[in-house]
């Protein structure tokens, strides 16, 4: 299984190394941006010129018409969507979505028995294609961006290679966003994964909470960040958070506090790029706020890119926090699944993230959740999320969405997370179809 997958990855690398000036077509989310950038860096290492095109959804564009060589990254269903117009071109696919073998050469873990929703991302697949040691950081950033932590299977293999080469460190620690970059008060106030009842969105309560723990959140006139705390202070803060969450009846959220964190040792200490979770969130902010080129520039190490990305990140975190406050009191139980109607209230770029975040405190993990929002064309964007326990029990959201949208739109994705787009007047039909598909 693994040997056959590696053999295919080597075959794809050999084909790409014969290209002269390919167009890299990658998805706009964190994994897509990390994977596309990883391919770009690998091509640079080999002295191969390239151009890039980042898309929200797979569609034929003039850039593809003018390209004789194409590398599709993090897009499933390339042949089904574009097969005819790609004839006569040299094409390879690097992906991890549920797919079937076709005429186009494809490095895809799903074809070799690996779950692309939990065992390897598109970034990881791209790393397995090229195997350039210094690119392991982007492979892990993409996996974390696709919520594939703690890393296992092929992701674990990639992590071990990164550790052996001194590029990555794996620690067990507090696993919430902002460990590197946020002062402690805002570290807690802006925490949405998990949602901290009474602390998230309330700076005053966070001040009081930190004061009661006895931790100095200012030192020498500067706001302290989590990574600057010594081990005793970290344990003190974690213990206080666990006790606080249990006192609020949020025991499930307390379980999410501790986990593996992946430190990118070659990145500057204190930078968002030092922590794989923060790095991936930075990329997500760029893609989901229609500035994917900034995310690619960050990955490629271009000057000034991270400052631009931080502005988008602040807006992204603000939208997530506002979306979460709305979602907590507005989701509905539709029997077979939970439903969050975010139309006009939550941006389509974050509806899936917000829906998934509800599992961190508001929802039990007993059934999937579907969130909807209007996209930029006024259509309904659908994002479905599930828990690992549901998937292990046989749930496949990608297949369920595909069936539910078979005659009214386009849907698909992973077993644990999937998406679709339908016309405004097809919502009721979709909801009935989805219930039956489940």
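Just so it is clear, none of the values below were taken in a lab; they were calculated from the coordinates. The structure presented is a predicted model; accordingly, all values stated were derived computationally and were not measured. Glycine also receives a Cβ, built like all others from the backbone with ideal geometry; neighbour counts cover every protein chain displayed.
Test of understanding: what is the full-extension gain from residue 103 to residue 399, defined as 0.36 nm times their sequence separation minus their Cα-Cα distance?
Values: separation 296, 0.36 × 296 = 106.56 nm, distance 2.25 nm.
104.3 nm is the gain from fully extending residue 103 to residue 399.
Against the chain, whose longest principal axis is taken from its Cα atoms, helix 231-247 shows a tilt of about 90°. The Cα atoms of the stretch 330-437 cover 34, 28, 22 Å along the three principal axes, with the biggest extent listed first. Stretching the chain fully between residue 89 and residue 227 yields a gain of 44.7 nm (0.36 nm per residue, less the alpha carbon separation). Taking other Cβ atoms within 10 Å as a rough exposure proxy, 96, 27, 246 sort from fewest to most as 246, 27, 96.
In the stretch 2-163, the DSSP beta bridges split such that about 0 percent are antiparallel, to the nearest 5. Among 167, 71, the ranking by other beta carbons within 10 Å of each residue's beta carbon, starting with the fewest, stands as 167, 71.
Expressed in Å, the radius of gyration and Dmax of the Cα atoms of the stretch 218-304 are 16.6, 46.
Across 196, 70, 210, mean-square fluctuation computed from a Gaussian network of the chain (C-alpha pairs under 10 Å connected) peaks at 210.
Quick one: compute the contact order of the stretch 174-318, relative version, from alpha carbon pairs under 8 angstrom and 6+ residues apart, as a percent. Please list the in-between numbers first.
Details: 171 pairs, mean separation 32.6, N = 145.
Answer for the stretch 174-318 is 22 percent.
Compared with the dominant principal axis of the Cα atoms in the chain, helix 136-145 is inclined by about 70°. Per residue of the chain, the DSSP helices (runs of n ≥ 4 H) give a summed -39500 (n - 2.57) that works out to -12500 deg cm²/dmol at 222 nm.
Where both partners of a DSSP beta bridge lie in the chain, what percent of those bridges are antiparallel, to the nearest 5? All intermediate terms of the calculation are to be shown ahead of the outcome.
Working: 31 of 53 bridges.
Close to 60 percent.
Rg over Rh for the stretch 1-137 works out to 0.92, both radii taken from alpha-carbon positions and Rh defined as the Kirkwood radius. Taken over the alpha carbons of the stretch 91-130 as equal point scatterers, the Debye sum produces base-10 log I(q)/I(0) values at 0.33 Å⁻¹ of -1.21. Of the residues 11, 377, 119, the one that moves most in a GNM of the chain with alpha-carbon contacts below 10 Å is 377.
Modelled spin labels at residue 243 and residue 164, positioned 7 Å past Cα toward Cβ, are 4.4 nm from each other. For the stretch 29-80, the normalised intensity computed at q = 0.19, 0.25 Å⁻¹ comes to -0.71, -1.15 (log10 of I(q)/I(0), Debye sum over alpha carbons, equal scatterers, no solvent).
Please list, short to long, the whole-number percent of alpha-carbon pairs of the stretch 51-205 in consecutive 10 angstrom bins beginning at zero. With a bin width of 10 Å, the distribution comes to 10, 31, 27, 20, 10, 2, 0.
Tell me the relative contact order for the stretch 275-394 as a rounded percent, counting alpha carbon contacts under 8 Å between residues six or more apart.
Numbers: 161 pairs, mean separation 22.1, N = 120.
18 percent.
As a proxy for reagent exposure, 199, 397 were ordered by neighbouring Cβ count within 10 angstrom, fewest first; the result is 199, 397. Largest first, the extents of the alpha carbon coordinates of the chain on the three principal axes equal 68, 51, 38 Å.
Report relative contact order for the chain in percent, whole number only (criteria: Cα-Cα under 8 Å, sequence separation at least 6). Reported relative contact order: 12 percent. Computed from Cα positions, the angle between helix 203-213 and the longest principal axis of the chain comes to roughly 60 degrees. Each semi-axis of the equivalent ellipsoid for the stretch 174-318 is √(5λ) with λ an eigenvalue of the Cα gyration tensor; in descending order they amount to 27, 17, 14 Å.
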